[in-house]
Structure formats: C-alpha cells, structure tokens
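Coordinate-derived values only; no laboratory data. None of these values were measured; they are calculated from a predicted model.
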Amino acid sequence: MLVKNSDFYREYVRVWDEGAVIDAPFITLGVEAILKDFYGDLLDAPPPFPVEAGERVLDLGCGWGRVLKPVMDRGARAMGLDISMKMAALAKNHLVKSGHKAQVINGDGTRTPFKDGSFDKIYSLLVLQHLSKENGKEVFKEVHRLLRDGGTAYIRVPGRFAPENLLFAFLQFVSIHVFRLKDPIRMRFYRLGEISRICRGLFRETAITAHEFRPPWNFHTRWTWHYIIVPRRFHARLRRISDWFERKANGRVPFLRHFGVVLMVKVIK
Ligand SMILES: C[S@@+](CC[C@H](N)C(=O)[O-])C[C@H]1O[C@@H](n2cnc3c(N)ncnc32)[C@H](O)[C@@H]1O
C-alpha cells in the first residue's frame, strides 16, 4: 500500500485485526450484518455473483470468508487474500469447518504475489472504501494484472450521493476535523464518472450498477454506530421501495444510479 508512514500502516492493520477478534461480521458488513428484516441473514447468503465449478476465483480483502464459502460450495477453486492476519485466520477456520481446503493468504491487495492472468474471476467487496483513492487505483490495476483475458471482476464501492453516505461523510468530516478523532479505515465514496475514468484505460468493458436505495439507518459516530433509528416494522416495506428504485436505476432511469448506497463495478479484461 502507498502510505504516508509505517505507523499508519500498522494502525490500519491493527484496526482490522482487532475488529476480527471483537466482532468480525459487524466490522466487515457494518449495519448490514444486523438489519435482518431488510437483508435476511447475510452471514450465510449464496454467492453474490454467478460462479462456475472449477473457476479460479480470488476474493481480495476476503475478511472472515463470508463470500469464499458459498463460492467454494459451488466447486470453484477459490483463494482469499487479506491484509489482516487475524481475518485470514478466521476465513481459514470458516472454510475448514465447512469441509473446504482453505487457501487464504495474508497480503496487501495493492501488490499481491500472484502471477499475471492467474484468475478467471476476482471479487473485492467493501474493501476499496477503506483505502485512499490512490490505493484504490492500485487495486484496480492489480485486478487487471491478475485477471486472465476475458476474466471478470466485481468491485463494490459506496456511492458518493446516496443520502446515507452523504450523512456518513458529513459526520466523518466532523469527527476527523472538529473532534480530531483518528480513523485509519475511514470511508471513501465514489462517483460514477470517477470509476469510469479509472476503468476506461484498463478494461475492455465496465458496467456499474447501483444498489440499496435505503434511507440513513443510523448516525455514524463512534458511539451510535450500532443504533438503528428506523423502526424495525418499516424495514420490510423499505426493502420493497429500495428494490423498486434499484430496478429503475439499473433500467430505464439511469440517472438514479448516482444515488445508490452501493455501486457494483463489473469489469471484463
Ligand atoms: C469491510 S471488510 C469486507 C470483507 C469481505 N470482502 C466481505 O465482503 O465480507 C474489508 C476487508 O478488507 C481487508 N483489507 C483492507 N485493506 C486491504 C488491503 N489493502 N489488502 C487486502 N485486504 C485488505 C480488511 O482486513 C477486511 O477484512
């Protein structure tokens, strides 16, 4: 990773290591881990993308193996890579318990040890948001290097203009610049045009879809992060509204994609 100094790097990894021990589902998925009426149980969800038996798949920033397990259940030859040794250990454990031969290594997604063209598919979900934009570009370049020609990658980033993310960005700004709280894994948000510019020179095809048109769920401060302000009885209804917006945004009203909480970037080399 390109970092200002080694203290920053150590602190960055420490937060993930510590999160792996305290509450891995929450540090990896945030409120999505606890909104069961909105999302269902994400901790045992099927793979988020199509995967074929025998395909070589890399999960870059694999966390505790949430995505690797269902991918391997379908017969793919998957590997995980994570910057946190403790997360990588959790992922190995999770896979071994599910009867898989776990191949998870500790490493940095901006410069991995794999050979060019090693993978048919690459996932990197909820990782780029914690890296500087400079390091985010390095990950895109690395993904391009690691994919075989014709291979596909899915990269999930948070959208810049979703109401939830605007509130998040504002509270984060206040905590860093007014209260001087250090947050090495602070969130970065992406605009559609920005992603298109990064991918244009690298990939043969780029498609960006928008997901989660949900209202702000909570106030993202150190103390209130777990408290959901929208009463639970509305969650299922909000899910239906969000799905409706999602269909429009990824269909006939593409302008709405600017307001998705989640942007899914699909690139083909
Ligand atoms: C929010 S979690 C997401 C985990 C997983 N992708 C998922 O969707 O459940 C982010 C993960 O990325 C890892 N990570 C952060 N920066 C990384 C980097 N530069 N290289 C590899 N892994 C990284 C963290 O240790 C953490 O496990």
statement: Straight-line reach check, residue 269, cutoff 19 Å on alpha carbons, 8 or more apart in-chain or any other chain, hits among lysines -> 115, 121, 137, 141
query: Between rounded, prolate and oblate, where does region 166-251 land on the alpha carbon gyration tensor, with a ≥ b ≥ c its root eigenvalues, rounded for a/c under 1.5, else prolate if a/b exceeds b/c?
result: oblate
field: Per-selection Rg to Rh, region 73-210 - Cα, Kirkwood hydrodynamic radius
entry: 1.00
- request: Quick one: which residues, 5+ away or cross-chain, put their amide H under 5 Å from the amide H of residue 159? H built at 1.01 Å from N.
  value: 190, 262, 263
- request: Could you give the C-alpha radius of gyration of region 14-79 expressed as a fraction of 2.2 N^0.38 Å, taking N as the number of residues it contains?
  value: 1.20
- prompt: Classify region 1-140: rounded, prolate or oblate, from the alpha-carbon gyration tensor (a ≥ b ≥ c, eigenvalue square roots; a/c under 1.5 rounded; otherwise prolate if a/b is larger than b/c)?
  reply: oblate
- prompt: Can you list the aspartates and glutamates whose alpha carbon sits under 16 Å from that of residue 248, skipping same-chain ones fewer than 8 residues off?
  reply: 212
task: Go ahead and set up a Gaussian network model of the chain, Cα springs under 10 Å, then flag whichever of 208, 122, 241 fluctuates most.
output: 241
- line: Summing -39500 (n - 2.57) over every DSSP H run of at least 4 in the chain, dividing by its residue total and rounding to the nearest 500, the 222 nm mean residue ellipticity is -11000 deg cm²/dmol
field: Max mean-square fluctuation residue, GNM over the chain, Cα-Cα springs under 10 Å, options 151, 40, 65
entry: 40
message: Pick from 248, 115, 36 the residue whose mean-square fluctuation is largest in a GNM of the chain, springs joining Cα atoms under 10 Å.
response: 115
All Cα pairs of region 115-179, percent lying beyond 21 Å: 39
message: Going Cα to Cα from residue 97, which lysines come in below 19 Å? Please leave out same-chain ones fewer than 8 positions away.
response: 69, 86
field: Built amide H within the under 5 Å cut-off of residue 104, gap 5+
entry: 80
message: Give me the three principal axis extents of the chain from the C-alpha atoms, as integers in angstrom, largest value leading.
response: 46, 45, 39
message: Sequence gap at least 6, Cα distance under 8 Å: using those rules, report the relative contact order of the chain to the nearest whole percent.
response: 18
